[in-house]
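One structure below.
The values are calculated or read from the model by the stated rules, or taken from the named source; none is laboratory data. Quantities reported herein were computed from a predicted structural model and do not represent experimental measurements. Please note: Cβ atoms are built from the backbone with ideal geometry, for glycine as well, and neighbour counts cover all protein chains shown.
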Amino acid sequence: MYIQSAYGITPQPLYDGSELLPVMHNKTGNQLRCVEPDYSRYIDAKLIRRMSRIIKMGSAAAMQCLQDANLAMPDAIVTGTAYGCLQDTAIFLNRMVEFKEELLTPTAFIQSTHNTVSAQIALMLQCHNYNNTYVHRGFSFESALLDAIMMLQEKEISNALVGAADEITDTSHAILSRFGLYKHGAVSNTRLFEDKTKGTIAGEGAVFFTLHTTDAGSNLARLDAVTTFYKPADADVVKETIAAFLAGQSADIEEIDLIITGRNGDISNDAIYDVLAGSLFSATQTIHFKQLCGEYPTASAYALWLGAAIIQNGKIPSTLLPAPNKKPVKRVLIYNHYQHTHHALYLLSAC
């Protein structure tokens, strides 16, 4: 598959001038919230008033992605989300309590469903083509991506708009903090990996891609393969799975120019990455991405965008790797896991 365009609303601005590379801002706290644009550039002002944050983020990211691809109408819209529209869900539940389950307005309920972002994009485009949303926890984005890939391979469609969106709300952050997911106190995202303690920083974002099967000459990157695996028994299983994944694409670890990992600053979460850094990944330049977007179930969409951006530019941002090799980056391996449970691998190549 070919990635024709990619865009997102994330905690870091995606575009630096004309280059599709992140600008890393130093933020202090235990959560990274999105830098939101002027939504009136993408969405009618009358619609904006009725949209929650995640709907605006997802719709704006999708519209810009389609514009970058010069694609007026996608053959399919496929999205992934783990939490859905949390803000509208909280509003609906609070009103149920406040009004004792009587005289409830339907708007908050309608917009609280997980497929609202995908549906809103279709409404704005007047698109009646295939539309689906996957809610598979840490595999939500991968499920959406694999669905689109299978339809493209079977020639049911010629292009697809694929993306993922998840948000932070005060309520969700407070609940997840009780499970020890996040660090206590203020933490700088630029120094995230220096603090070898439990917990990470919360993240959010909406990232979309246009995919098709034709090498048009203006694509960002080629998506050679994607796979997932669930709850590996130990580090040896992870290493064997990665080796088998590369072998299935007739690739060797020595042919990989860059590895992007999901290291997030949590001492337990990062243990597997430490093992790989001292073994399978030891001879390959490696960067991490969650200091840019934070940790959330569909963060792998941000990693895929970052890998495609680096390949398209042929270089690694100095903020992510101070002294990268001068050799152009043409092949990228992405390995990410969420909560030791949902593991994903991507292989990208230059077109």
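For the stretch 223-236, the set of residues classified as in a strand (DSSP E or B), of a type outside the set (Ser, Thr, Tyr) and either in contact with a Leu (Cβ under 7 Å, 6 or more places away or on another chain) or surrounded by fewer than 14 Cβ atoms within 10 Å (Cβ to Cβ) (or both) consists of 223, 224, 225, 226, listed by residue number.
When 331, 263 are screened for being out of contact with any Phe, Trp or Tyr (no Cβ under 7 Å at 6 or more places or on another chain) and within 24 Å of residue 141 (Cα to Cα), only 331 passes.
Going through the stretch 193-220 one residue at a time, which ones are among the aliphatic types (A, V, I, L, M) and under 16 Å from the mean Cα position of the chain (by Cα)? Can you show your working first?
Keep residues of the stretch 193-220 that are among the aliphatic types (A, V, I, L, M), which gives 201-202, 206-207, 211, 216, 220.
Those that are among the aliphatic types (A, V, I, L, M) and under 16 Å from the mean Cα position of the chain (by Cα): 201, 202, 206, 207, 211.
Of all residues in the stretch 18-57, those satisfying the criterion of being of a type in the set (A, V, I, L, M, F, W, C) and part of a loop (DSSP other than H, G, I, E, B) are 20, 21, 23, 24, 32, 34, 35, 43, 51.
Of all residues assigned to the stretch 259-277, none qualifies as being more than 26 Å from residue 202 (Cβ to Cβ) and either small (Gly, Ala, Ser) or not in a loop (DSSP other than H, G, I, E, B) (or both). Within the stretch 89-137, the residues that satisfy the criterion of being hydroxyl-bearing (Ser, Thr, Tyr), over 14 Å from residue 78 (Cβ atoms) and either part of a helix (DSSP H, G or I) or at pLDDT 95 or above (or both) are 89, 107, 116.
Annotation note: of 278, 262, 248, the sole residue that is closer than 27 Å to residue 25 by Cβ and either modelled with pLDDT of 95 or more or touching a strand residue (DSSP E or B) at 6+ places or on another chain (Cβ under 9 Å) (or both) is 262. Between 96, 51, 57, the distinction of being aliphatic (A, V, I, L, M) and surrounded by fewer than 18 Cβ atoms within 10 Å (Cβ to Cβ) belongs to 96 only.
Taken over the stretch 300-328, the criterion of being touching a helix residue (DSSP H, G or I) at 6+ places or on another chain (Cβ under 8 Å) and β-branched (Val, Ile, Thr) is satisfied by 316 alone. Does the stretch 67-89 include one or more residues that are surrounded by fewer than 18 Cβ atoms within 10 Å (Cβ to Cβ) and over 30 Å from residue 150 (Cα atoms)? No, there is no match, as no residue in the stretch 67-89 is surrounded by fewer than 18 Cβ atoms within 10 Å (Cβ to Cβ) and over 30 Å from residue 150 (Cα atoms). Within the stretch 323-330, is there a residue that is at pLDDT 95 or above and assigned to a strand (DSSP E or B)? No - not one qualifying residue is present in the stretch 323-330. Selection over the stretch 278-313 of residues that are assigned to a loop (DSSP other than H, G, I, E, B) and either among the acidic types (Asp, Glu) or in contact (Cβ under 8 Å) with a residue 24 or more places away in the chain (or both) gives a count of 12.
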